[in-house]
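Just so it is clear, none of the values below were taken in a lab; they were calculated from the coordinates. Predicted, not measured: the structure shown is a model, and the values here were computed from it.
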Amino acid sequence: MANKHIVIACDHAALDLKKKVISHLEGVGHTVTDVGTHTTDSCAYPEYASAACKKIQNGEAELGILICGTGIGMGMAANKHRGIRAAICSDTFSACATRLHNDANVLCFGARVVGEGLAMQLVDAFVNTEYEGGRHQSRVDMLTAIEESEARR
Ligand code: RB5
């Protein structure tokens with residue numbers, strides 16, 4: 001399995017879980033860039049979702065992991081960014097399938113939704129699965145076409 005460069009971010013609701021995810025990923029040889037938040041002070045998840053998505057857009061990271069209380073705010077914010085396909089998952093089947101079929105490049109989950117054990121399984125399923133391409137590519141292209149047409153409106 002190839003080691004990957006992964007960007008990670010959280011809000012105040014998910015700081016402890018994010019630290020554990022970073023240790024887990026680094027422990028198996030991945031490179032992790034943590035763009036915050038770094039404290040439990042109340043903060044705004046869109047700010048950290050944006051910081052992480054920019055790293056993917058710039059090519060500095062291949063995949064992203066965004067954790068807030070539910071995963072939902074991070075997912076909504078991430079999917080506003082060009083080229084970002086963020087999936088909010090709380091089961092490993094979906095975390096795997098969204099890489100296979102959607103070429104998702106960001107995984108979101110909630111620290112108030114999943115426990116530590118499941119969080120690590122979600123991360124492993126997502127990071128260790130490669131996009132299948134083939135019949136899925138035209139559908140992923142359609143996502144990009146929607147994004148481009150919305151940008152022109
Ligand atoms: C913070 O209380 C909470 O709203 C945030 O972590 C997230 O769940 C938003 O979607």
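General remarks:
- Using θ = phi - 60° in the Karplus curve 6.51 cos²θ - 1.76 cosθ + 1.60, the 3J(HN,Hα) couplings for region 85-102 round to 10, 9, 10, 8, 10, 10, 9, 6, 4, 5, 4, 6, 5, 6, 6, 4, 9, 9 Hz; x is entered for Gly and Pro.
- For V32, the residues whose amide H sits under 5 Å from its own are I6, ignoring neighbours fewer than 5 places away on the same chain, with H placed 1.01 Å from N.
- Computed on region 69-153, with alpha-carbon pairs under 8 angstrom and 6+ residues apart, the relative contact order is 31 percent.
- Proximity of backbone amide H atoms, modeled 1.01 Å from N, is registered between C43 and H12 at under 5 Å, excluding neighbours fewer than 5 places apart on the same chain.
- Cross-link partners for K4 among the aspartates and glutamates, with Cα-Cα distance under 20 Å and sequence neighbours closer than 8 places in the same chain left out: E26, D34, E60, E62, D103, D124, E130, E132.
- Computed from Cα positions, the angle between helix 45-57 and the longest principal axis of the chain comes to roughly 60 degrees.
- Annotation: amide H-H contacts under 5 Å for A104 (H modelled 1.01 Å from N, sequence separation of 5 or more, or interchain): R99.
- Whole-Hz ³J(HN,Hα) from phi, Karplus 6.51 cos²θ - 1.76 cosθ + 1.60, for region 70-80, glycine and proline x: 10, x, 6, x, 4, x, 4, 5, 4, 6, 7
- Rounded to whole numbers, the Karplus 3J(HN,Hα) couplings from phi for region 128-142 are 8, 10, 9, 4, 7, x, x, 5, 7, 5, 5, 6, 5, 4, 5 Hz, using 6.51 cos²θ - 1.76 cosθ + 1.60 with θ = phi - 60°, and x at Gly and Pro.
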